[in-house]
Amino acid sequence: MKQLTKAAEQVMQVLWKLGKGFLKDIVDAMPDPKPHSNTVATILKILIEKQYVETESFGRAFQYQPLVSKETYSKNSLTGIVKGYFGGSYSKAVCFMVEES
């Protein structure tokens with residue numbers, strides 16, 4: 001599973017919170033300053049291609065729903081950080097976080 005860009009992660013956070021939604025719902029739930037709906041639509045298209053999101057068609061409108069759970073993505077991201085920065089040692093990662101607190 002590939003790491004997402006910040007913008008794609010932000011869209012996924014909204015989808016995880018909503019469960020599913022149309023483009024307007026997603027844009028409305030984005031934090032201020034809200035991105036343009038074309039920008040969000042492009043990010044959703046990329047997320048569909050990467051198989052993070054699926055759609056259901058309602059006439060000309062699409063309802064978006066996450067295919068990857070927040071828990072699965074979080075676990076994968078954390079594993080990548082631990083491997084990349086702490087030599088695969090979760091204890092080193094935890095020690096680092098405790099020291100930084």
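Just checking: which of the helices (runs of 4 or more DSSP H) contained wholly in segment 1-56 hold 3 or more residues that are under 14 Å from residue 70 (Cβ atoms)?
It comes to 6-18.
How many residues are open to solvent by 40 Å² or more (accessible area, probe 1.4 Å) and closer than 15 Å to residue 12 by Cβ when one looks only at segment 46-65?
Residues in segment 46-65 being open to solvent by 40 Å² or more (accessible area, probe 1.4 Å) and closer than 15 Å to residue 12 by Cβ: 8 in total.
Residue check: is residue 43 open to solvent by less than 40 Å² (accessible area, probe 1.4 Å) and in contact with a Pro (Cβ under 9 Å, 6 or more places away or on another chain)?
Taking the combined requirement at face value, the residue satisfies it.
Hey, could you check segment 1-40 for residues that are open to solvent by 70 Å² or more (accessible area, probe 1.4 Å) and within 10 Å of the chain's Cα centre (by Cα) and say which is nearest to residue 63 (Cα to Cα)?
13
Within segment 68-101, restricting attention to residues that are under 30 Å from residue 27 (Cβ atoms) and open to solvent by 90 Å² or more (accessible area, probe 1.4 Å), which residue is farthest from the chain's Cα centre (by Cα)?
Applying the filter and picking the extreme gives 75.
Residue 27 - would you say it is touching a strand residue (DSSP E or B) at 6+ places or on another chain (Cβ under 6 Å) and modelled with pLDDT of 95 or more?
Against the criterion (touching a strand residue (DSSP E or B) at 6+ places or on another chain (Cβ under 6 Å) and modelled with pLDDT of 95 or more), residue 27 does not qualify.
The values are calculated or read from the model by the stated rules, or taken from the named source; none is laboratory data. Not measured: the values here are computed from a predicted model. Every residue, glycine among them, receives a Cβ derived from its backbone with ideal geometry; neighbour counts consider all protein chains shown. Accessible surface is based on the protein model in full, side chains and every heavy atom, while ligands, DNA and RNA are left aside. Shrake-Rupley method; radii C 1.70, N 1.55, O 1.52, S 1.80 Å.
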